[in-house]
Amino acid sequence: MELLEGELEQIQTEVGFILRKYEPGREQLLPILQEVQGKIGYLPKEAMKMVAEAINIPEVDVYSVGTFYNQFRLNPPGKNQIKVCMGTACHLTGGHIIMDSFERRLEIDEGETTGDREFSLERVACVGCCALAPVVLVNEEVEARVRPTRVDGILLGLGKAMPVTSKHQKEEGDTIE
Amino acid sequence: MKISRTVTITIDGKEYIAKEGQKLLWTALENGVYIPHLCGIEEEEKPAAGCRLCFVEIDGFLNPVTACTQKVKEGMVVRTRSKRVDKLVGTAFELLMSNHRLGCARCGANGRCELQKIAKERGLKLKTSRLRSLVPEVPVDESPDKFTYDQTRCVLCGRCVWVDHHKAKIGAIGLVRRGMSRKMATFGETAMADSSCTQCGMCVEACPVGALTFKEK
Amino acid sequence: MSNPAVEKMYRELRDKAVSKAEGMNEKPYVMVGTATCGRAAGAMKILETFRDELAGHQVDAELLEVGCLGHCYAEPMVAVYKPGHPFLCYGNVDEGIASRLVSDFLVGDDPCFEFAMAAFEPNDVFPTFADYPRGVYEQKIILADCGLINPEDIDHYIARDGYLALAKVLDMDPGAVVEEIKESRLRGRGGAGFPAGKKWEICLKAEEPVKYVICNADEGDPGAFMDRALLESNPHQLIEGLAIAAYAVGASQGYIYVRAEYPLAIKRLHTALDQARDKGLIGESVLGSDFKFDIQIFQGSGAFVCGEETALISSIEGNPGIPGHRPPFPAVSGLRGKPTIINNVKTLSYVPHVIRNGAAWFRGIGTPNSPGTAVFALAGKVVNTGLVEVPMGTSLRTLVYDVGNGIKEEKAFKAVQIGGPSGGCLPESALDLEIDFDSLQHAGAMMGSGGLVVLDEEDCMVEIARFFLEFTQKESCGKCTFCRLGTKQMLEILTDITKGRGKPEALELLWDLAEDIKTGSLCALGKTAPNPVLSTLRFFRGEYEAHINEGCCPSLMCNELISYRIVPEKCSKLCDACIASCPVEAVYTRPDMLKAVDLEKCVKCNNCLVTCKPLYDAVMKVTPPETGEGGDEN
């Protein structure tokens, strides 16, 4: 993935700022990567290189950690993040059908981001709301008891243009935070 | 100089003198008793114990145990073969082979490959009939001048990564991702030549199979 | 070595907290359950409503955020206290009910019994929780205060004898503390049920100046959430337990390893730790004694395998969470090579109670070999989902039918899945099993982390087994051959079966692989991964055979083995709801106005069935699937 102009400098500034807060040492690796992702939204290669240098371990070791854990992302996420819970209770109540519906509507597979970077779709193991299954996290807000018919409503609410009902309201767009 | 005490252990009915505290796998191998193994590194204090091939029976243990993790003790009684050991080793080997691209004739490790050796020693087939093939479709990395890396032949023993980190002290390669996606790769999964690899060749020498092989001159 | 300074300091803290609590009872207060489950059901909106209404009516009442009462099916839940009335709990509260509670109850004097679930204490006007079957069978120890105290106010915990056990142990010899836990026969609640006291003893005896205690809060079971509820509802209980463990084994640094996916739990833990530090309950000199102890929160980055002790340690040390060979056990050589105790959230939460009430009290609850209570996350097709705490030895039947109030929609019970990906499915014949660590293991399941999912006639056992195996397969670290490749081979076979491509000899191979993976894997994740498959093969082999031999899914769950049909006799002809619900235009109107499904186009999303069900119930699933023009019968 190519970085946009100015993006590299921005990453360097952000990561440099984060690194100053930590004592050097291998044990800081996960907390640092968590903070980097929290700030930048993913782990750019340049950031991982800087972290490796700061705590004095091979770059590939940072990469090993970055690719091992579910939490870390190597590519920028979509503006709206949809996470479908795939825990036991959600699975039993049709979580996979909800996932299928999102995949169909967004025309991406789970783990992917739409071409316009508006939406990314992920699965989460269990968000711990089993009694309210099936559950979808829309930009970290929990949507409980989601039915397949609700999928379009969620996407419309986030400003997604629908092929059939195209008369959505644009101003409904951003609901983040 | 450190004086190491010795102990007497029994392997398959024969007594052997062993260095106390040494891991059983290395005692056996030093004494010419073959136990299948891929991931073992003698110098490493904490064995990876990942390949699951060095199972043996030790008196006092309920189930077969891995020889690479057991320190020899005075009076230890070991059997390298039993019905249960053979079944476990057989299945582990079969699983590894289901994920390994065959074609020994065209493999640089033909003749010195540990997989071939295990098959021969234990009378196992290289080609599995009851499991399906899980060999990934990945091209061979021919980018280095001296060697090639064929991920489809890698058994994930991690020996290359260990020598890279601890002997060559380069840190060019690592085991990345996890589960079925786990693989030996460089930072960012680039071609070897585009990484910090110095092509010292130590990892190629450490590879027990045909994943890393020298190019023919 | 009695320490009067400790006693004095504790008494001062407690007196202050108690008088604050008594002061609270002098005027009305409203508690809103704002744990994650409550929030998902809309608790934050309810909290806002109360805030606005209280201000609007100028009512002098305290508004508090509390944790989870465990009745997830009734979220959002609130509790309203007004002097002179019983302390009442209200479930399924919406904004209308919330404003009525303010205007009618707090301003007026009508407690709105029509919306009330139960009272918290016995009274003459309204039944309490103990008057319902669930209350009869439940016995709450670690969940007792959850949802009744403000997790962000340490005084609430202290007023209920919180940190008394810590003050008590500071007067004891560490060996005596370990002895007390051993005596209690408290077993680890994280899965296998290893005796906690034994673990502590090994660590205590290790001659090392530096030791660590770690709380494993990396709850990753895809159907369990009790650790999250405990962290969000009563964080101090755990902190006290961890401090006691540290004192007993001689550690001065503790860690709480908590899933990063639990942001609210992390926030409340941070607040709790700050408050405990402020009060001198952790820090340089715990309660003025010479015991020094502090706790750091470590956020797990999402890897189920990190529930395994050695993987968890590896993760804290900045590495991928890959398990290592045991022994050495962490109690001998753990974090940074030092003796380390790792206990689950629940295990540590019991510790203050055991110390306060004594080992004999604890042993008096539950079964001889598994004393105490069991906490289950009751989910699936059961009416009253939620967190329940029952004595060990309670039968599955009681759990499902009395505590859980039976199966939803009066469907037929099929099985319970206990223990998540490491556990197994138990059939109807096992309903009278009295559950504890050993009986479950014997029956082919496992206590695991305490997930208990009830399955009914519409749940396909092959699919359940496939689901859990897919989970462990995805979560396998990939180091060891059996787990990485063995579970993948098994998953491929199961997937084939659920798609109707299974071969008759597959079942034997499945069993054979499962046995070898169980024996041959390096860590507990791999060793227990085959359990869901083994237990379903044992008890529900017929379902596997129906998939393989007849190409049908008797539970109508496996998409590849079903198709949709619209029953002409039930279809109204005039309603187009099914057509509107279809995302792919597969449902159409036939010339005779009846609706039908084009099976070529149908993606089996279930929308039409769900939509039609309350209207005419005309859409049905059939197995084996029909082909071609399906419903077009003319």
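The values are calculated or read from the model by the stated rules, or taken from the named source; none is laboratory data. The structure presented is a predicted model; accordingly, all values stated were derived computationally and were not measured. As a convention, Cβ positions derive from the backbone with ideal geometry for all residues, glycine included, and neighbour counts pool all protein chains shown. Keep in mind that these areas ignore ligands, DNA and RNA; they rest on the heavy atoms of the full protein, side chains included. Shrake-Rupley method; radii C 1.70, N 1.55, O 1.52, S 1.80 Å.
Some notes on this structure:
- For the range B:57-70, backbone phi angles converted through the Karplus equation (6.51, -1.76, 1.60; θ = phi - 60°) give residue-by-residue couplings of 9, 10, 4, x, 9, 5, 10, x, 10, 7, 5, 6, 10, 9 Hz, Gly and Pro being listed as x.
- Chain B packed on chain A takes about 1100 Å² of accessible surface away from a 1.4 Å probe, both sides summed.
- 0 to 90° range, to nearest 10: angle between helix A:29-40 axis and chain A longest Cα axis: 60
- Under-5 Å amide H pairs with B:Cys39, H placed in peptide plane, nonlocal only: B:Cys51
- The distance linking the range C:604-624 with the range C:414-486 is 30 Å (Cα centroid to Cα centroid, whole angstrom).
- Put a plus charge on the Cβ of each Lys and Arg, a minus charge on the Cβ of each Asp and Glu, and nothing anywhere else: the dipole of the protein assembly as shown about its Cα centre is then about 3800 debye.
- R0 of 41 Å, Cβ-Cβ distance C:Lys601-B:Lys146: FRET efficiency to nearest 0.05: 0.15
- Overall, the accessible surface of chain C at a probe of 1.4 angstrom is composed of carbon and sulfur to the extent of 50 percent.
- Within 10 Å of the Cβ of each residue in A:134-147, the mean number of Cβ atoms contributed by other protein chains is 2.
- Average Cα contact separation per residue, the range A:80-172, under 8 Å, 6 or more apart, as relative contact order %: 32
- Backbone HN-Hα couplings from phi across the range C:351-359 [Karplus 6.51/-1.76/1.60, Hz, Gly and Pro as x]: 3, x, 5, 5, 5, 5, 9, x, 4
- Solvent-accessible ranking of C:Glu428, C:Glu284, C:Glu458, largest area first, probe 1.4 Å: C:Glu284, C:Glu428, C:Glu458
- For the range B:21-97, the list of GluC sites (Glu not before Pro) that fall in a loop by DSSP and count at most 15 other C-beta atoms within 10 angstrom reads B:Glu42, B:Glu43, B:Glu44, B:Glu45, B:Glu74.
- For the range C:562-622, the equivalent ellipsoid built from the Cα gyration tensor has semi-axes of 15, 12, 11 Å, listed from largest to smallest.
- Each pair of Cα atoms in the range C:88-190 enters the Kirkwood radius, and Stokes-Einstein at 37 °C and 0.692 mPa s then converts it into a translational diffusion coefficient of 188 µm²/s.
- Trypsin sites (Lys or Arg not before Pro) restricted to the range C:545-634 and DSSP loop, no more than 14 other C-beta within 10 Å: C:Lys570, C:Lys573, C:Lys601
- The contact between chain A and chain C removes approximately 3700 Å² from the accessible area (both sides summed; 1.4 Å probe; ligands, DNA and RNA excluded).
- Taking chain A, the Cys residues with no second Cys beta-carbon under 4.7 angstrom are A:Cys126, A:Cys129, A:Cys130.
- Expected-Rg normalisation [2.2 N^0.38 Å, Cα atoms] applied to chain A: 1.17
- Spin-label model, C:Asp131 to C:Asp576: label points 7 Å out along the Cα-to-beta-carbon direction sit 5.3 nm apart.
- Shown are C:His270, C:His547, whose ranking by accessible area with a 1.4 Å probe and every protein chain present, most to least, is C:His270, C:His547.
- Take C:Asp60: with every protein chain present and a 1.4 Å probe, its accessible area is about 100 Å².
- Distant-in-sequence amide contacts of A:Glu112, defined by a placed amide H-H separation under 5 Å and a gap of 5 or more residues or a different chain, comprise A:Leu121.
- Taking every alpha-carbon pair within the protein assembly as shown, the share separated by more than 53 Å comes to 20 percent.
- Pairs of alpha carbons in the range C:462-550 separated by more than 18 Å make up 34% of all such pairs.
- The range B:8-47 and the range C:83-129 have Cα centres lying 73 Å from one another.
- Here is how the number arises for the protein assembly as shown: DSSP H runs of 4 or more residues each give -39500 (n - 2.57), the sum is divided by the residue count, and the result at 222 nm is -9500 deg cm²/dmol.
- The share of C-alpha pairs in the range B:72-183 whose separation exceeds 23 Å stands at 43 percent.
- Here the alpha carbons of the range C:373-459 define both size measures, Rg and Dmax, at 11.3, 33 Å.
- Within chain B, helices built from complete DSSP H runs that reach 20 Å or longer along their own axis (Cα positions) and carry a mean Kyte-Doolittle hydropathy of 0.0 or higher are B:83-98.
- Sparse packing (at most 13 other Cβ atoms within 10 Å of the Cβ) combined with a DSSP loop state is found for the following GluC sites (Glu not before Pro) in the range B:100-169: B:Glu137.
- Between B and C, accessible area buried - total, square angstrom, nearest 100, 1.4 angstrom probe: 2700
- C-alpha long axis of helix C:506-520 to longest principal axis of chain C, angle in °: 20
- Net charge over other residues, Cβ less than 12 angstrom from the Cβ of C:Leu399 (K, R count +1; D, E count -1): -3
- Mean separation of Cα pairs under 8 Å and 6 or more residues apart, divided by the residue count, gives the range A:7-68 a relative contact order of 36 percent.
- In Å², nearest 10: area of C:Asp94 left accessible to a 1.4 Å probe: 80
- A straight chain from B:Arg106 to B:Lys19 at 0.36 nm per residue would run longer than the Cα-Cα distance by 27.2 nm.
- Legend: residues in the range B:130-150 shielded by at least 20 square angstrom of accessible surface upon adding the remaining protein chains to the isolated chain (1.4 Å probe, heavy atoms) are B:Arg130, B:Leu131, B:Arg132, B:Leu134.
- Sites B:His166 and C:Arg356, calculated FRET efficiency, Cβ-Cβ separation with R0 51 Å, nearest 0.05: 0.50
- Judged by the mean number of other Cβ atoms found within 10 Å, the most tightly packed of the peptides A:143-155, C:357-369 leads the ranking A:143-155, C:357-369.
- C:Glu569 contributes an accessible area of around 150 Å² to the protein surface, as traced by a 1.4 Å probe with all chains present.
- log10 of Debye I(q)/I(0), alpha-carbon scatterers only, for chain C at 0.06, 0.10, 0.11, 0.12 Å⁻¹: -0.38, -0.98, -1.14, -1.28
- Alpha-carbon centroids, the range C:29-47 and the range A:39-63: separation in whole Å: 39
- Based on C-alpha pairs under 8 angstrom that are at least 6 apart in sequence, chain A has a relative contact order of 16 percent.
- Taken one residue at a time, the phi angles of the range A:81-88 give Karplus couplings (6.51, -1.76, 1.60, θ = phi - 60°) of 9, 10, 10, 9, 6, 10, x, 4 Hz. Gly and Pro are set to x.
- Spin-label zone in the range C:494-536 - amide nitrogen under 19 Å from a point set 7 Å from the Cα of C:Ala192 along the C-beta vector: C:515-532
- Fraction of accessible area attributable to carbon and sulfur, chain B (%, probe 1.4 Å): 51
- The simple Förster model, with R0 at 41 Å and r as the Cβ-Cβ distance, assigns C:Lys499 and B:Cys200 a FRET efficiency of 0.25.
- Acute angle (nearest 10 degrees) that the helix C:4-24 long axis makes with the longest principal axis of chain C, alpha-carbon atoms: 50
- Accessible area ranking (1.4 Å probe, heavy atoms, ligands and nucleic acids excluded), largest first, for C:Asp576, C:Asp278, C:Asp104: C:Asp278, C:Asp576, C:Asp104.
- Rounded to 5, percent antiparallel among DSSP beta bridges of the range A:80-172: 55
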